[in-house]
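Here's the structure we're looking at; comments come further down.
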Amino acid sequence: MKNISSNVTDELQAQTGVKVERCYQCGKCSAGCVLAEDMDYPPNYIIHLLQTGTKENLDTVLKSKSIWLCLNCENCVGRCPMEIDIPKVMDFMRERSLKENKQSKAAKDIIAFHRSFLDCIKFTGHLYEIGLIVGFKARTMHLWQDVKLAPKMFAKGKLKLFPEMVKDSHNIKNIFSKTKK
Amino acid sequence: MSKIGVFICHCGENISATVDCQRVAEELSKVDGVAYSIDYKYMCSDPGQTLIKQAIKEHNLTGVVIGSCSPRMHELTFRKTCAEAGLNPYMCEIANLREHCSWVHEKGEATTEKAISLVKMLVEKVKKDHPLTSIQVPITKKALVIGGGIAGIQASLDIANCGHQVILIEKDPSIGGHMSQLSETFPTLDCSQCILTPRMVEVAQHPNITLYTYAELDSVEGSIGNFHVTIRLKAKSVDPKKCTGCGTCSSKCPQKKIPSEFNAGLGTRTAIYVPFPQAVPNKPVIDKEHCNYYQKGKCQLCKKVCPTDAIEFDKPDELLKEDVGAIVVTTGFNVLKTDFFPEYGYGKYKDVITGLQFERLASASGPTLGEIRRPSDGQIPKKIVFVACAGSRDPAKGIPYCSKICCMYTAKHAMLYQHKVHDGESYVFYMDVRAGGKNYEEFVRRAIEEDGVKYVRGRVARVYEKDGKLIVKGADTLLGGAPVEIEADMVVLATAGVSNNGAEQLAQKMHISYDSYKFFAEAHPKLRPVETNTAGIFLAGACQAPKDIPDTVSGASGAAVKVAGLFSQSMLVREPLIAVVNRCAPPLFSTCVGCFMCETACPYHAIEHEEIKNRNGDVIKTVAKVNPGLCQGCGTCVAFCRSKSIDIQGYTNEEMYAEVVSLLNN
Amino acid sequence: MEGTSREYNESVLALGNALDIEFEEIKDWNCCGATAAHSVNKELSLSLPARVLALAERQNFSEIVVPCAACYNRLTTTQYELAQDEEKKKRISEIIEMPYDGSVRILNVLQMLQKYAVDSIAQKVTNPFKHSVACYYGCLLVRPHKILQFDRVEDPQSMDTLMSAIGANTLDWAFKTECCGGGLSVSRTDIVSKLSGNLLKDAKDRGAEAIIVACPMCHSNLDMRRPEINKYLGEDIEIPVLYITQAIGLALGLEPEKLGIKRHFVNVNLI
């Protein structure tokens, strides 16, 4: 059934302050977005899907590749005449997409990277490259990716074998558990 | 013995929804001095007014109190009604039961009680009122028009053709304004200068118009019908009576590289210059800031070569004092320059230009004689990108409004380009096409359908230069927001229309209102578009908001009619609600002691000195006297006067105390 | 800072030493969460930086320098957001189990140099950096402008000014603030190749002999990922990428070893 409305725009406004009604679809965001060519829906299209207010279009956004490709480089909002904070909208949609398990399959690697990154922080408090890569490979099964890179990095002294642990690891773990979604 | 009539209006439901009007009328009928008290649904309507007139006649009323909307709405209406019934209009007072009572309170006992108190208050005032007669003030039947663009030219001609004297002042060396900079005008593609210059000449030759160029308003005092203006005639350094306009001086002037304002910075001019060949008057002025003589004390070549010895250095500015009855402000607008836009290069790319600069390129009298050429290398561009809405409709840049004329002139520019460069490609990046005037839509369609201009719906994110080309990164929202990249030879930005330089200072000098964008404010946006809130000062043209030529000319003629209307009366009738210094019998003559604190206080310079003389002509005492033509009835003098010798007619101390006492006794 | 961007750390410390700037490390600091945190968990993305700021407050730092552009951006954005909303501030303070005030001043490396060293740098130059350089700011140093209030959004000049002060010829080029591909280095190396490739090509076309950066992510993408970029562009570009601190360090006569120059993947062969 089409045209069932969702009230995500109210929630979006409450949590991020973004009012999608303000967008008049000028396209300046998409014009300046470096990732737009690779996205399935460029930024202004994403905002328009949300403007329609239907559940079906909201789903399209949650299932899109666009939200995972956006790098929050802020080029769009820096030029937007209506100062619409698209990166915040993207963050909100990303979190929501994971919560409703609607994330795009094409974004599997990107999400795996984020998850591995956060795991490193959870256990060590810092970015531990080896742990990150191992976790990433385990999640994605890209076992041979960047294999040639590691020895070179190690030779240049850029790869630490052992992580530097935060002393108050308990504090870090608590932060993670308290913000768990 | 007072016989006051009380009329309580329901104002439809505006008052009666929260105030019990019937009860108010009943309570008031019991008040001492009230001879007649009723309520009615619409007092200001025809039957309502008839009711009042009948009551005045039948009951021989000596005063009337109307409980209604704000006096700002209908005080005039009701006073006229009373006058028609033979009652002095200033014996009619309004109790504001709407804005001061029903609109701001909930329905209930307290609200009705307040309404009763308000009406009772005004009844007590009326008991102290005196009949007053309007003041007649002579009108100076001469108008001042500030700004010599098409609006000022039109207004001046219209007023002058009605037989009145006009002084037209223009701050640039020539009249003509932005219209003289245009190449062709939409939607007719008329040559702009061809239709403008005849009017400019007409202004110069009209017997009723005195034209001062290179002149600005220095100060203005007085009020409607009686303004006293001081005009600063900036020193031109050239005697117009001797100068024949031969042009020898500018051809010899060594300072040749000054960016020309008329060519929007694209061409150059000399320090002694005539802004453009069709200038009116066609006499040069010396730009002191760039002249070798004024800056360094050297040169004077122009003086040496002038065949009629017309050059006069070191003359001071002249201050000219004039009395006028009305002022029309037609100071026009400006457009943003390219350095306003960070994403389009901060103004550093020579081939990114504004719409106005494109006009100069397209114009036959421009720096490239009408050929579209790149400012950087003089080549003819093969691909031009026009960016609409550059700065307009952009709250992030502080300009949320639409500049109205850009969609039309962008279509025009693209068409002119295609006409001049047949194998050229033009692209217009737009958001909406606003073509609401007569023949406007057809004009834009012509650009798209006949001249092959490509319209892309989307805005341009940025422009940068690479290898002599301008890379334009835009988007096509009709294709889902797909990025569009064009390698252009030239980019024309349709920059936003903004208020003119010095607009704020001028508005403050004249005491007229302006908005946050420094555009001058009209008295009412819909019903009074050519008047300001300051009586006697009128507006027309783009100084109010960006405007096209048809609307500007309409407005100018409208303002002219207001001026002619004002001048068609023999005397200006003013309300007598002004200050008066008391007079009494000799030997006192007046309680005024002549301290003139009131004169210091008066913002309108309305207090004069009056010498009271005896029969021999010796001065007995000098007291204050109010000039009825200037006094605005603000009451500051009344507050200052320590001997209580000055009072406002219609709002005397006695009347005001009566109101306060009534309120306290309730 | 001990791993992939080790040389940035080394050069910042070495340069600080040469300019008489003393650094003290915040004890027990944690990773700010970078892109990963704000992409999947808003509260986490505010908590991790808040912890760092709270630690700084507790350790009596009134001012901190954050060399990494991403961390600088996250810390400043967090500080701004929590300053706007008392409720959020309280909640985050509870999560990190530390009092949070939001009073620490946050500087990036360029601001630090501008504040503490801009006058002395020009005087201490012994080895003018006589090369044409393209200063690459990346996306996170200057945006969002409303929050960071640093330099100008399009065509920023702070790095260029510093480089000019040490004798470099700073080029005007088109990709000063366009994103390099950031955090997609591992998960979508193809996109990084394209984005970083485009900017590298423009720098080369304009005659750049080196690219100067102030962000370890940008450095890593332009340097470590050079083979992939070259493959995408179909040509071998050998322009080296230097951190601003390394470039200034070289101009001040510091030893390349101390600045970590040897750790780069693309050899720094400037004459």
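Among the residues that make up segment C:201-217, is at least one of them surrounded by 19 or more Cβ atoms within 10 Å (Cβ to Cβ), small (Gly, Ala, Ser) and under 18 Å from C:Leu110 (Cβ atoms)? Checked segment C:201-217: at least one residue is surrounded by 19 or more Cβ atoms within 10 Å (Cβ to Cβ), small (Gly, Ala, Ser) and under 18 Å from C:Leu110 (Cβ atoms). Please specify each residue of segment B:562-599 satisfying the condition of being surrounded by 15 or more Cβ atoms within 10 Å (Cβ to Cβ), closer than 18 Å to B:Gly629 by Cβ and out of contact with any His (no Cβ under 9 Å at 6 or more places or on another chain). Correct list: B:Leu566, B:Leu572, B:Arg574, B:Glu575, B:Pro576, B:Leu577, B:Ile578, B:Ala579, B:Val580, B:Val581, B:Cys598. So, in segment A:63-90, of the ones that are of a type in the set (D, E, K, R) and over 19 Å from A:Gly17 (Cβ atoms), which residue ends up nearest to the other protein chains (Cβ to nearest Cβ)? The selected residue is A:Lys65.
Can you find a residue that is among the aliphatic types (A, V, I, L, M) and more than 14 Å from chain A (Cβ to nearest Cβ) anywhere in segment C:53-62? Yes, segment C:53-62 contains at least one residue that is among the aliphatic types (A, V, I, L, M) and more than 14 Å from chain A (Cβ to nearest Cβ).
Among residues of segment C:33-44 that are closer than 16 Å to A:Val89 by Cβ, none has a Cβ under 6 angstrom from a residue that is buried (at least 23 other Cβ atoms within 10 Å of the Cβ) and among the β-branched types (Val, Ile, Thr) at a sequence gap of 6+ or on a separate chain. The residue that is surrounded by the fewest Cβ atoms within 10 Å (Cβ to Cβ), counting only those in segment A:91-105 that are more than 8 Å from every other protein chain (Cβ to nearest Cβ), in contact with a helix residue (DSSP H, G or I) (Cβ under 8 Å, 6 or more places away or on another chain) and part of a helix (DSSP H, G or I), is A:Arg96.
Is it fair to say C:Glu43 is within 14 Å of chain A (Cβ to nearest Cβ), on the phi > 0 side of the Ramachandran plot and not small (Gly, Ala, Ser)? So C:Glu43 fails the test. Within this structure, B:Gly458 fails the test of being surrounded by fewer than 15 Cβ atoms within 10 Å (Cβ to Cβ) and small (Gly, Ala, Ser).
Within segment B:624-646, the set of residues being of a type in the set (Ser, Thr, Tyr) and assigned to a loop (DSSP other than H, G, I, E, B) comprises B:Ser643, B:Ser645.
For B:Asp339, the conditions (1) under 30 Å from B:Ser403 (Cβ atoms); (2) of a type outside the set (Lys, Arg); (3) under 36 Å from the mean Cα position of the chain (by Cα); (4) surrounded by 14 or more Cβ atoms within 10 Å (Cβ to Cβ) are fulfilled apart from (4). Being within 14 Å of chain A (Cβ to nearest Cβ) and not in a helix (DSSP H, G or I) is a property that B:Val387 has.
All conditions in (1) touching a residue at least 40 places away in the same chain (Cβ under 8 Å); (2) in a helix (DSSP H, G or I); (3) surrounded by 18 or more Cβ atoms within 10 Å (Cβ to Cβ) hold for A:Pro163, with the sole exception of (2). Taking the condition part of a strand (DSSP E or B) and not acidic (Asp, Glu), does B:Lys621 pass? Here the answer is yes, as B:Lys621 does meet what is asked. Across segment B:479-513, the qualifying residues are those that are in a strand (DSSP E or B) and of a type in the set (Ser, Thr, Tyr), and the one among them that is nearest to the other protein chains (Cβ to nearest Cβ) is B:Thr495. Contact map, segment C:230-249: first residue over 30 Å from C:Met112 (Cβ atoms), second residue basic (Lys, Arg) and in a helix (DSSP H, G or I), Cβ cut-off under 8 Å, separation 6 or more or different chains; pairs are C:Tyr232/C:Lys194; C:Leu233/C:Lys201; C:Ile237/C:Lys201; C:Ile237/C:Lys204; C:Ile237/C:Arg226.
If the condition is being closer than 15 Å to B:Asp39 by Cβ, touching a residue at least 40 places away in the same chain (Cβ under 8 Å) and small (Gly, Ala, Ser), then segment B:86-127 contributes B:Ser102, B:Ala115.
Applying the set (1) within 11 Å of chain B (Cβ to nearest Cβ); (2) free of Cβ contacts under 8 Å to residues at least 24 places away in the same chain to A:Val34 leaves exactly one unmet item: (2). Within segment C:226-271, the set of residues being small (Gly, Ala, Ser) and either more than 16 Å from the chain's Cα centre (by Cα) or away from chain A (no Cβ under 14 Å) (or both) comprises C:Gly234, C:Ala247, C:Gly249, C:Ala251, C:Gly253.
Answer yes if at least one residue in segment B:191-210 is among the acidic types (Asp, Glu), in a loop (DSSP other than H, G, I, E, B), surrounded by fewer than 23 Cβ atoms within 10 Å (Cβ to Cβ) and assigned by TED's automatic domain parsing to the domain that holds B:Glu322, and no otherwise. Scanning segment B:191-210, I find no residue that is among the acidic types (Asp, Glu), in a loop (DSSP other than H, G, I, E, B), surrounded by fewer than 23 Cβ atoms within 10 Å (Cβ to Cβ) and assigned by TED's automatic domain parsing to the domain that holds B:Glu322, so the answer is no. Looking at the structure I just gave you, is A:Asp59 within 14 Å of chain C (Cβ to nearest Cβ) and acidic (Asp, Glu)? So A:Asp59 does not fit the description; no. The single condition among (1) modelled with pLDDT under 95; (2) under 30 Å from the mean Cα position of the chain (by Cα) that B:Asn208 does not meet is (1). Just one of (1) within 30 Å of the chain's Cα centre (by Cα); (2) away from chain A (no Cβ under 14 Å) fails for B:Ile399. It is (2).
Taking B:Ser662, is it of a type in the set (S, T, N, Q) and either within 21 Å of B:Asn226 (Cα to Cα) or not in a loop (DSSP other than H, G, I, E, B) (or both)? It is true that B:Ser662 is of a type in the set (S, T, N, Q) and either within 21 Å of B:Asn226 (Cα to Cα) or not in a loop (DSSP other than H, G, I, E, B) (or both). Taking the listed residues B:Val421, B:Val460, B:Val444, B:Val453, the one that is aliphatic (A, V, I, L, M) and within 14 Å of chain A (Cβ to nearest Cβ) is B:Val460, with no other qualifying.
Only one entry of C:Ser196, C:Ser220 meets the criterion of being among the polar types (S, T, N, Q), at pLDDT 90 or above and closer than 25 Å to C:Arg74 by Cβ, and that entry is C:Ser196. Going by what's in this entry, would A:Lys158 be described as surrounded by fewer than 14 Cβ atoms within 10 Å (Cβ to Cβ), modelled with pLDDT under 80 and under 25 Å from C:Arg263 (Cβ atoms)? For A:Lys158, the condition - surrounded by fewer than 14 Cβ atoms within 10 Å (Cβ to Cβ), modelled with pLDDT under 80 and under 25 Å from C:Arg263 (Cβ atoms) - is not met. If only residues of segment A:12-56 that are among the charged types (D, E, K, R) and under 18 Å from C:Glu178 (Cα atoms) are counted, the one that is farthest from the chain's Cα centre (by Cα) is A:Lys28.
Screening C:Gln149 with (1) in contact (Cβ under 8 Å) with a residue 24 or more places away in the chain; (2) within 14 Å of chain A (Cβ to nearest Cβ); (3) out of contact with any strand residue (DSSP E or B) (no Cβ under 6 Å at 6 or more places or on another chain) gives one miss only, at (1). Taking segment A:166-175 as the range and being within 7 Å of another protein chain (Cβ to nearest Cβ) and in a helix (DSSP H, G or I) as the test, the residues that pass are A:Asn171, A:Ile172, A:Asn174, A:Ile175.
The values are calculated or read from the model by the stated rules, or taken from the named source; none is laboratory data. Bear in mind that the values here come from a model prediction, so they are computed numbers and not experimental data. Note: ideal-geometry Cβ built from the backbone for every residue, glycine included; neighbour counts use all protein chains shown.
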